[in-house]
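Peer 1: Could you have a look at this structure, given as structure tokens, before my questions?
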Amino acid sequence: MPLNRRQLVQSLAVAPLAATPVRLFAAATPNAPPQLRPAIAAIAAYAEVHRRTMGVPGMTIGLTAPGLPSYPLHLGFTDFSRSRRVSADTLFQVGSISKLMTATMVHQLAAEGKLSLDGDVRSMLPGAAWPDGPKISLQQLLDHVSGLPGDAPLFPADGKLWLAYQPGVHWLYSNTGYALLGLIVERAERAPLANVLHRRLFAPLGMARTRGSILSADRALFAQGYEPARREDVYITGDPLSPASWTDVTEGAGSVASTADDMARLLRSILGAATGKGGLGLDPANAAAFTSHDVATVGGPSHGIIGGMRYGNGLMHVADAAKRPYFHHTGGMPSFTSSFHLDAASGVGAFASVPLGYPANYRPRLLTMFAVQALTAAAAGTKLPDPPSLATPRVKGADYVGTYTGPAGSLTFADPPAGLSVTRNGQTVPMIQEDGDLYAARLPTLAAWPIEFVRKDKKVVAINHGPNTYVRSGASYPVPASDPALALLAGRFQNDSAWNIIVTVAERGGKLWLGGNEELTLTGNLQYRTGEAWSSPRIRFADLIDGRPQTLIIDGSRLERRDI
């Protein structure tokens, strides 16, 4: 349910920080055209709701509209010490929005005859761990239809990369593919990707503060990023945050750091490219081809976009409920998340970045969509839209009510007016719906695994929670027996990469479950997958001691057993 402006002010009034919204955001608009000032004030107020809801110290927003080439909004501070405010100079990591810029470099080089969009990538980067099999074109890498895995290292622990499907048959978002694209650009230009980006894109567009690589030498210029304090638990909005560690990033999948003003400049260049004026360092014909090209993502994950999308050249092509089209992309890093929307018809765009890492499962896409819609309405002289609510919906779950008993005790669910709750050992907390019958609860004894309700003939009969099954009082549900040999494979695995990946595996009812709720399918000796073979990570248990694996290899990355 959307918030109206009265509710927006009320939500800010009870938020934990002390700024007065009316004063704060009225002061943010004096240099804007009078017609756009109410929209900018509403955008700033809604951004403050996002900032406080997610519990971060600051954020940045870049707006562009006809008559308003660039309008940055900087909220809060660069860290919780509140010693330095977010400013025009503060850098934020844009994450996968970098893919658009890497794709731009590829198309610039193709327009100059230095690369061929239809050429086989093996000839463009000899020495890479390319898989055997059919040709993979450069354009297929750009569109995520190459068949390469999503997040494998460039040189996997198991040897070569592999094709999860025949190129062009499916769509699977591939960071691996864009990391390879960055290397192809470097080889063609005989220079680091960051240097190529600066010379070919940032300098011509006047993006003076933008960096093409994320390096510790520039760390003092960045906002401090944050991540969930308890990475092993299911994250619920409002859980404690901790400062995220720093990591240098130079690969083409997500190496760019920028500011609100510079990102507004980039959005204006995309707009020029999409409206026949040329942009992104491309002439009008090549720029129009770059922004209009897309492929269907049917048969693959929609990357979190409600209603699905099409994709091409680092641009998501999405639509709102009224089927109005937008260019879009998001980015998630270990310590930042970002989003932009661009309405080519109205010439309005918005970028936002928040110092909160991808494990929190948040992107500011609702904020950037609202910003574009509000500015578009203001420019047209129509009523501003109401911003979408960020409040956790109260779950009504009468069919879940009851007591469930299992090997670890009992759980009791109630459905009072405040919403579905669970009680265990005298402690009661609300239930947070993740998806369908999948829930989470902020209770120490429950937080490590999702809570999944099991139905038989549409009626809830049991709960699965990690390795345990709880049967509803009065229900008939024979619990499958455990497999002791399989149970030895279960555990918690982690690596010390920048992404600090934590993978948990449970054994329940004679099967293995990734994260407690995704069934693992055996594909070979100690080898498994989830879901469809073409879209699933490859999982292998290795280095067994007394039947218990000390290593988990997932898509070619090694994780160590670290049980707690």
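The values are calculated or read from the model by the stated rules, or taken from the named source; none is laboratory data. Note that this is a predicted model, so its numbers are computed, not measured. All Cβ positions, even for glycine, are placed from backbone atoms using ideal geometry, and neighbour counts span all protein chains on display. Ligands, DNA and RNA are stripped out before the accessible areas are found, and what is left, the full protein with its side chains, is counted by its heavy atoms. Shrake-Rupley method; radii C 1.70, N 1.55, O 1.52, S 1.80 Å.
Peer 1: Starting from the Cα-Cα distance between Asp239 and Glu532, subtract it from 0.36 nm times their residue separation and give me the gain in nm to one decimal.
Peer 2: Numbers: separation 293, 0.36 × 293 = 105.48 nm, distance 3.28 nm.
In short, 102.2 nm is gained.
Peer 1: If you roll a 1.4 Å probe over the heavy atoms of the protein chains, what accessible area per residue do you get for the range 247-391, in Å²? Numbers along the way, then the final one.
Peer 2: On the way: 4750 Å² over 145 residues.
That works out to 33 Å² per residue.
Peer 1: Let me ask another. Greater than 22 Å separation of Cα atoms is the criterion. Which listed pairs, Lys114/Lys135; Lys277/Lys323; Lys396/Lys511; Lys456/Lys511, meet it? Walk me through the numbers on the way to the answer.
Peer 2: Numbers: Lys114/Lys135 19 Å; Lys277/Lys323 25 Å; Lys396/Lys511 31 Å; Lys456/Lys511 19 Å.
The answer is Lys277/Lys323; Lys396/Lys511.
Peer 1: What size of dipole, in debye to the nearest 20, comes out for the range 85-133 about its Cα centre when the only charges are +1 on Lys and Arg C-beta atoms and -1 on Asp and Glu C-beta atoms?
Peer 2: Using only the charged Cβ atoms, the result is roughly 220 debye.
Peer 1: Sticking with this structure for a sec: Take every Cα pair under 8 Å in the chain that's 6+ residues apart, average their separations, divide by the length, and report that relative contact order as a whole percent. Don't jump to the answer; show the numbers that get you there.
Peer 2: Values: 1252 pairs, mean separation 77.4, N = 564.
Relative contact order here is 14 percent.
Peer 1: How much space per residue, in cubic angstrom, does the convex hull of the C-alpha atoms of the range 349-483 take up? Kindly include the intermediate steps, with their values, before the conclusion.
Peer 2: Details: hull volume 22.5 nm³, N = 135.
Measuring per residue, one finds 167 Å³ for the Cα hull of the range 349-483.
Peer 1: Could you tell me the center-to-center distance, by alpha carbons, between the range 539-564 and the range 370-422 in angstrom?
Peer 2: Rounded to whole Å, the Cα centres lie 37 Å apart.
Peer 1: I would also like to ask the following. Name the helices (complete DSSP H segments) of the chain with a Cα length along the long axis of 18 Å or more and a Kyte-Doolittle mean of at least -0.5, or state none.
Peer 2: Working: long enough: 37-54 (26 Å, 0.12); 98-111 (20 Å, 0.59); 175-189 (21 Å, 0.39); 260-274 (21 Å, 0.52); 365-380 (23 Å, 1.36).
Long hydrophobic helices here: 37-54, 98-111, 175-189, 260-274, 365-380.
Peer 1: While we're here: Bin by bin, in steps of 5 Å, what percent of the Cα pairs in the range 130-208 do you find, going until the bin that has the longest distance?
Peer 2: Reading upward from the zero bin: 3, 15, 22, 20, 16, 11, 8, 4, 1.
Peer 1: How big is the gap, in Å, between the Cα center of the range 227-254 and the Cα center of the range 434-507?
Peer 2: The range 227-254 and the range 434-507 have Cα centres spaced 23 Å from each other.
Peer 1: Placing one identical point scatterer on every Cα of the range 112-268 and ignoring solvent, what is log10 I(q)/I(0) from the Debye formula at q = 0.08, 0.13 Å⁻¹?
Peer 2: The Debye formula, applied to the Cα set alone, gives -0.31, -0.78.
Peer 1: Leaving out ligands and nucleic acids, note down the accessible area per residue over the range 442-564 with a 1.4 angstrom probe, in whole Å².
Peer 2: Details: 6050 Å² over 123 residues.
That works out to 49 Å² for each residue.
Peer 1: Assuming 0.890 mPa s and 25 °C, estimate D for the range 404-513 with Stokes-Einstein, Rh taken as the Kirkwood radius over Cα pairs, in µm²/s.
Peer 2: Details: Rh = 15.2 Å.
Estimated diffusion coefficient is 161 µm²/s.
Peer 1: Per residue Cα convex hull volume for the range 347-397, in cubic angstrom? Present the calculation step by step, with values, prior to reporting the outcome.
Peer 2: Values: hull volume 5.2 nm³, N = 51.
Roughly 101 Å³ of hull volume per residue.
Peer 1: Still on this structure, I have one more. Only Lys, Arg, Asp and Glu count, each charged at its Cβ (+1, +1, -1, -1), so figure out the dipole size of the range 154-233 about its Cα centre, rounded to 20 debye.
Peer 2: On the way: 10 positive and 7 negative charges, 75 e Å.
Once rounded to the nearest 20, the dipole reads 360 debye.
Peer 1: Something else about it: Using a 1.4 Å probe, what is the accessible area per residue for the range 33-80, in Å²?
Peer 2: Computed with neighbouring chains in place, this is 26 Å² per residue.
Peer 1: So, counting K/R as plus one and D/E as minus one, what does the shell of residues with Cβ under 13 Å around Ser535 add up to?
Peer 2: Values: positive: Arg529, Arg538; negative: Asp151, Glu518, Glu532, Asp555.
Overall, the nearby charge balance is -2.
Peer 1: Let me spell out the model: positive unit charges on the Cβ of Lys and Arg, negative unit charges on the Cβ of Asp and Glu, origin at the Cα centre of the range 219-370. What dipole size does that give, in debye rounded to 20?
Peer 2: Working: 11 positive and 12 negative charges, 70 e Å.
The dipole magnitude comes to about 340 debye.
Peer 1: Above 41 angstrom, tally the Cα pairs of the chain and express them as a % of all pairs, no decimals. Display every interim value, and only then the final one.
Peer 2: Details: 41575 of 158766 pairs.
For the chain, the fraction of Cα-Cα distances above 41 Å is 26 percent.
Peer 1: Right, another one. Can you give the Kirkwood hydrodynamic radius of the range 39-82 from its Cα pairs, in Å with one decimal? Mind dumping the intermediate values first?
Peer 2: On the way: mean 1/r = 0.0893 Å⁻¹.
Result for the range 39-82 stands at 11.2 Å.
Peer 1: Out of the total accessible area of the chain (probe 1.4 Å, heavy atoms of protein only), what percent is carbon and sulfur?
Peer 2: Values: 12580 of 23320 Å².
That fraction is 54 percent.
Peer 1: Once the Cα gyration tensor of the range 257-373 is found, what semi-axes does its equivalent ellipsoid get, as square roots of 5 times the eigenvalues, in whole Å, sorted largest first? Don't skip to the answer; put the middle values down first.
Peer 2: Numbers: eigenvalues 98, 61, 36 Å².
Over the Cα atoms of the range 257-373, the ellipsoid semi-axes are 22, 18, 13 Å.
Peer 1: Using just the helices of the chain, give the 222 nm mean residue ellipticity in deg cm²/dmol: DSSP H runs with n ≥ 4 each add -39,500 (n - 2.57), and the total is spread over all residues, rounded to 500.
Peer 2: Working: 12 runs with 121 residues, N = 564.
Roughly -6500 deg cm²/dmol at 222 nm, from the helical runs in the chain.
Peer 1: I would also like to ask the following. What residues have an amide H closer than 5 Å to that of Ile136, excluding those fewer than 5 places away on the same chain, when H is modeled at 1.01 Å from N in the peptide plane?
Peer 2: Val121, Arg122
Peer 1: Further, regarding this structure: Report the one residue of Trp534, Gly516, His465 whose Cα lies farthest in the direction of the positive end of the charge dipole of the range 457-564 (charges on C-beta: Lys and Arg +1, Asp and Glu -1; origin at the Cα centre).
Peer 2: The Cα lying farthest towards the positive end belongs to His465.
Peer 1: What does the net charge come to around Ser482 if you take all other residues with beta carbon closer than 13 Å to its beta carbon, with K and R at +1 and D and E at -1? Provide the component values of the computation, followed by the final result.
Peer 2: Values: positive: Arg508, Lys511; negative: Asp483, Glu507.
Result for the neighbourhood of Ser482: 0.
Peer 1: Could I ask something else about it? Work out the P(r) tail for the range 374-453: percent of alpha carbon pairs separated by more than 14 Å, whole number.
Peer 2: On the way: 2135 of 3160 pairs.
So the portion of pairs separated by more than 14 Å is 68 percent.
Peer 1: Where does each of 350-356, 528-534, 62-68 land if you order them by average Cβ count within 10 Å, highest first? Mind showing how you got there, number by number?
Peer 2: On the way: 350-356: 30.6, 528-534: 16.7, 62-68: 22.1.
Highest to lowest by the protection proxy: 350-356, 62-68, 528-534.
Peer 1: While we're on this one: Where in the range 507-549 does the label zone of Thr247 land, with the point 7 angstrom along Cα→C-beta and an amide N cut-off under 20 Å?
Peer 2: 515, 537-540
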